[in-house]
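Remarks on the structure that follows.
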Amino acid sequence: MSDMGKYILRRLLTGVLVVLCVTIIIFGIMQAMPGNPIDLMVDTRVSPEKVAELKARWGLDKPPVVQYFYWLGNILRGDFGTSITTKQEVFFLIKQRLPYTLMLTGAAVVIEYLVAVPLGLLAAVRKEKLMDKSLTIIMVVLWSMPTFWLGVLFIMEFAINNRFFPISGYSGLKSLVLPALTLALPSLAQIFRLTRSEVLDVMEERYVETAYAKGVADKSVLIRHVLRNALIPVTVTFFLNLPWLIGGSVVVENVFAWPGMGQLLWKGIAKQDFPIVQGITFVIAILTVICNLIGDIVSGILDPRIRVE
Amino acid sequence: MKKSKLWQVARKPLFFIGFLMLAVVVIAALFAPLIAPHGYAEMNLALKFTAPCAQFPLGTDQYGRCVFSRIVYGSRIALKVGIMAVVIETGIGVTLGIIAGYYGKKLDQAIMFLTDMIWSIPPIILAMAIVLLLTPSAENVAISVALVTWAQFTKIVRVKVQSIKNLSYIQAAKVYGESDVQIILRYILPNLTSTIVILASLALPSAILSTTSMGFLSLGAQEPLPDWGMILSGGIQFIERASWISFWPGLAIVWTVLGFNLAAEGLKELLDPRMKV
């Protein structure tokens, strides 16, 4: 098998192992929770036979280890159980809301890179000049902002003072603008910093000096030599960044009443709706592992040195 | 530490500004009863949603409580929870980092796998699940945030220990038969001081952001305690009527976090300008 094939296989196996461990953590947390999910799910009018039947279906009459495998088997078949509060299938609820969370995080990550990468390059080229310094300060301020406050500012300015955008909820693509900006702005500072420092590092490399010495025009050195190499780590963080944004969307969705998974998760936590919390945490962990895996593979393709490590 | 260098950093305007910003927060926390015109739980339903005025500098909320007083008292919670989270995460992260770096092999692999796993659930989501287990409160928010953020310390401390442990005087101590614990406490830990101080000071602003986010999700200190994040989220439903309820606590968070960020950058400049975090 080629280097690349082995590398991908190794990362894949690690990914599966991580997912398994995550399921153990989730299961462990829920096990430690007071109360039995079935007792919470049904009220006193349900007959004891029915309760026993439900417990058997979920394997709750068995020891914890057996229960874990029951649960894992169910989850792998897409059976996430039933919500305690709404009695709906958790799988169905997640399927309904996942696209909105992906839409929000997808839009946010695109905004992040469209803004942060050019600005990072600009700051690096103008190192120590006014442009660099003011951009750096702006980024520290953004980095210090809680998303929920930025969201409030946007709502006050662009939804109440000027009615450009809806205050909350989802009613077409226009609703996406404020939540996506709110999610993107505070975290783009990191990508800005990374781009700036990578560009500065690459600019000191021998081959860049050589290109300059050979009389290649500034612009084409920047694009062909500097940017191309500096963007490798930046591209990799694109995928590593997504899970972060999915986490951040829990807060942002609650500011804008965005109908995504984050809001569902929060409601699930407030109402102690364990199946929902379990299901969403599992889906998010899977998404995270997939993103990390893609990040690893992309970095393996872009930078051959990584594969053999 | 040379005095001249301290002077150099102290004169940097951004560090100085950060320090001043923090001083305001610390003074507010220490002298809250003297600064706040009202108690943080003092309700006056007849005066609910009062716009900012002389009696209520930042207006009142849906129960007629003074928003300014709540923010002033809230600085105590924000600082306490943030610092507590950083102390715990530093403790866990540094300990595991030293163990992984010093002993290497299987222990190292196990600890590294643990950090990878922690990182495969977005921190805030894992923290939410942990708070749910522990029941919401200020202290439990600190614990849960610490439990999901220690890994950054572990990764950096581990690498540092790997390079320190082969220094000749540490090898010599080994030959003299000093125990591992003695070597770690007497020779390795002192070498890590500046790394730990830098990491902890950089972790503090993000810990305050995370803990106030948990407060925003009502997982932190419970009513009537004035958690900044919770005051803000409580105000969102009245935002068209009384935007000050949500605006000011958010500004207090930005102020504090920015102050810590600027001060931490200055501290890093002072102790180890080349360190990559």
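The values are calculated or read from the model by the stated rules, or taken from the named source; none is laboratory data. Because the structure is predicted, anything quoted here is derived from the model rather than measured. Counting neighbours? That spans all protein chains shown, and the Cβs are built from the backbone with ideal geometry, glycine included. Surface areas here come from the heavy atoms of the whole protein model, side chains and all, with no ligands, DNA or RNA. Shrake-Rupley method; radii C 1.70, N 1.55, O 1.52, S 1.80 Å.
Some observations on this one:
- Two-decimal Rg to Rh for region B:99-231 - Kirkwood Rh, Cα set: 1.10
- Whole-angstrom gap from region A:225-284 to region B:207-248, using each part's C-alpha centre: 21 Å
- The portion of the accessible surface of the protein assembly as shown made up by carbon and sulfur, rounded to a whole percent, is 66 (1.4 Å probe; DNA, RNA and ligands excluded).
- In region A:188-226, trypsin sites (Lys or Arg not before Pro) in a DSSP loop with at most 11 other beta-carbon atoms within 10 Å: A:Lys214
- Long-range amide H partners of B:Arg65 with built H, under 5 Å: B:Asn44
- Using Cβ point charges alone (K and R +1, D and E -1), the dipole size of region B:107-254 about the Cα centre works out to roughly 480 debye.
- The alpha carbon convex hull volume per residue for region A:165-206 rounds to 70 Å³.
- When +1 charges are put on Lys and Arg Cβ atoms and -1 charges on Asp and Glu Cβ atoms, the dipole computed for chain A relative to its Cα centre reaches about 360 debye.
- Per-q log10 I(q)/I(0), region B:52-159, q = 0.14 Å⁻¹ (Debye; single scatterer per alpha-carbon; no solvent): -0.66
- Between the residues B:Val181, B:Val131, A:Gly120, the greatest Cα displacement towards the positive end of the dipole of the protein assembly as shown, with unit charges on the Cβ of Lys, Arg, Asp and Glu, is found for A:Gly120.
- q = 0.14 Å⁻¹, chain A: log10 I(q)/I(0) [Debye, one scatterer per Cα]: -1.13
- Once backbone amide H atoms are built at 1.01 Å from N, B:Thr50 has B:Thr60 as its partners under 5 Å, excluding neighbours fewer than 5 places away on the same chain.
- The mean number of partner chain beta-carbon atoms within 10 angstrom of a residue's beta-carbon across peptide A:247-255 is 5.
- Test item: B:125-137 mean partner chain Cβ contacts at 10 Å: 5
- Backbone phi angles across region A:181-194, fed through the Karplus curve with coefficients 6.51, -1.76 and 1.60 (θ = phi - 60°), yield HN-Hα couplings of 4, 4, 6, 7, 4, x, 8, 6, 4, 5, 5, 4, 4, 5 Hz in residue order; Gly and Pro are listed as x.
- Most mobile listed residue (A:Ile297, A:Ile191, A:Ile223) in chain A, GNM with C-alpha springs under 10 Å: A:Ile223
- Taking the convex hull of Cα positions in chain B, its mean projected area over all directions (nm²): 17.5 nm²
- Cα centre as origin, Lys/Arg/Asp/Glu Cβ charges: the protein assembly as shown dipole, Debye: 1080 debye
- Calculated P(r) of region A:62-126 - Cα pairs past 16 Å, %: 68 percent
- Phi-derived couplings, Karplus 6.51 cos²θ - 1.76 cosθ + 1.60 at θ = phi - 60°, listed residue by residue for region A:204-210: 8, 5, 4, 5, 6, 4, 4 Hz, with x used for Gly and Pro.
- Region B:172-277: chymotrypsin sites (Phe, Trp or Tyr not before Pro) falling in loop per DSSP and having at most 13 other Cβ within 10 Å: B:Tyr176
- Euclidean distance of C-alpha centroids, region A:200-214 and region B:63-119, integer Å: 41 Å
- Cα centroid separation, region A:66-115 to region B:175-192 (Å): 48 Å
- Amide H to amide H, with H built 1.01 Å from N, A:Thr82 comes under 5 Å of A:Val90, counting only residues 5 or more places away or on other chains.
- Residue with peak Gaussian network fluctuation, chain B [Cα springs, cutoff 10 Å], from B:Ser69, B:Ser206, B:Ser120: B:Ser120
- Peptide B:264-273, shielding by other chains (average Cβ, 10 Å cutoff): 0
- Rule-of-thumb Rg ratio for the protein assembly as shown [Cα; 2.2 N^0.38 Å; N residues]: 1.03
- Note on chain B: with a GNM built from Cα contacts shorter than 10 Å, the maximum mean-square fluctuation among B:Phe15, B:Phe113, B:Phe49 falls on B:Phe113.
- ³J(HN,Hα) computed for each position of region A:282-298 - Karplus, 6.51 cos²θ - 1.76 cosθ + 1.60, integer Hz, glycine/proline x: 5, 4, 5, 4, 4, 4, 4, 4, 4, 4, 4, 5, 4, x, 4, 5, 4
- Compactness of region A:226-278 - radius of gyration and Dmax, Cα, Å: 16.1, 52
- Along the axis of the charge dipole computed for the protein assembly as shown (Cβ charges of +1 for Lys and Arg, -1 for Asp and Glu, origin at the Cα centre), the listed residues A:Val65, B:Ala32, A:Thr182 are led at the positive end by A:Thr182.
- Since only A:Gln263, A:Val216, A:Leu150 are under comparison, the one whose Cα sits farthest along the positive direction of the charge dipole of chain A, derived from C-beta charges on Lys, Arg, Asp and Glu, is A:Val216.
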